[in-house]
Amino acid sequence: MNKSLMTEKIIAAKESKGFTWETIASEVGVAPVYLASVCLGMNSIVPEKASVLAAFLGLEDDVTKALSEFPPKIWDQTVATDPLIYRFYEIAGVYGESVRQVVQEEFGDGIMSAIDFKLDIEREEDPKGDRVKIILNGKFLPYKAW
């Protein structure tokens, strides 16, 4: 089974059961954003957790196997038009260079890992309208000289 078909089956099961990513992640024992990424085919998960996930959603063994397979991590390279996803392009365009300079002043010449990485989403109540709080937490990887 390919990752696209796996994702279709997972989304159909999730919707038919009325589960949220939070509910499924709690059952599997991983973070909701990571779980969604696994289910959308951009990450893999260890076989034991894949089995728990598939069983919880009532899916067959081929889904379990596909969940554990390494993904190619290739996505459409055009700028997304979905307004929420597009905002990340906008944020990177407007603030990316500033973030890079501040990170390099604090840590030195290097990058933030997207491999040794966590991403959390929180609701922050605000009288003017609730806010979305996105926390990117990646290991600093200095560039090496040789």
statement: Selection from segment 3-61 of residues surrounded by 14 or more Cβ atoms within 10 Å (Cβ to Cβ) and on the phi > 0 side of the Ramachandran plot yields Gly41
statement: Those residues of segment 4-48 that are under 15 Å from the mean Cα position of the chain (by Cα) and in contact (Cβ under 8 Å) with a residue 24 or more places away in the chain come to a total of 13
message: If Ser113 meets every condition in (1) part of a helix (DSSP H, G or I); (2) in contact (Cβ under 8 Å) with a residue 24 or more places away in the chain apart from one, which number is that one?
response: (1)
task: Could you tell me which residue of segment 56-78 is nearest to Leu35 (Cα to Cα), considering only residues that are outside the structural domain of Glu15 (by TED's automatic domain parsing) and β-branched (Val, Ile, Thr)?
output: Ile74
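Which of the residues that make up segment 56-88 are part of a helix (DSSP H, G or I) and over 23 Å from Lys14 (Cα atoms)?
Pro83, Tyr86, Arg87, Phe88
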message: Can you find a residue that is surrounded by 11 or more Cβ atoms within 10 Å (Cβ to Cβ) and in contact with a strand residue (DSSP E or B) (Cβ under 6 Å, 6 or more places away or on another chain) anywhere in segment 62-78?
response: no
message: Return the residues of segment 106-146 that are in contact with a Pro (Cβ under 8 Å, 6 or more places away or on another chain) and either more than 24 Å from Val38 (Cα to Cα) or small (Gly, Ala, Ser) (or both); say none if nothing qualifies.
response: Phe107, Gly108, Asp109, Gly110
message: Take Gly110 and tell me if it is surrounded by 11 or more Cβ atoms within 10 Å (Cβ to Cβ) and within 20 Å of the chain's Cα centre (by Cα).
response: no
message: Within segment 19-35, does at least one residue satisfy the condition of being farther than 27 Å from Ile135 by Cβ and among the small types (Gly, Ala, Ser)?
response: no
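The values are calculated or read from the model by the stated rules, or taken from the named source; none is laboratory data. Nothing here was measured: the structure is a model prediction, and the numbers come from that model. A quick note on method: Cβ atoms are made from the backbone with ideal geometry, for glycine too, and the neighbour counts reach across all protein chains shown.
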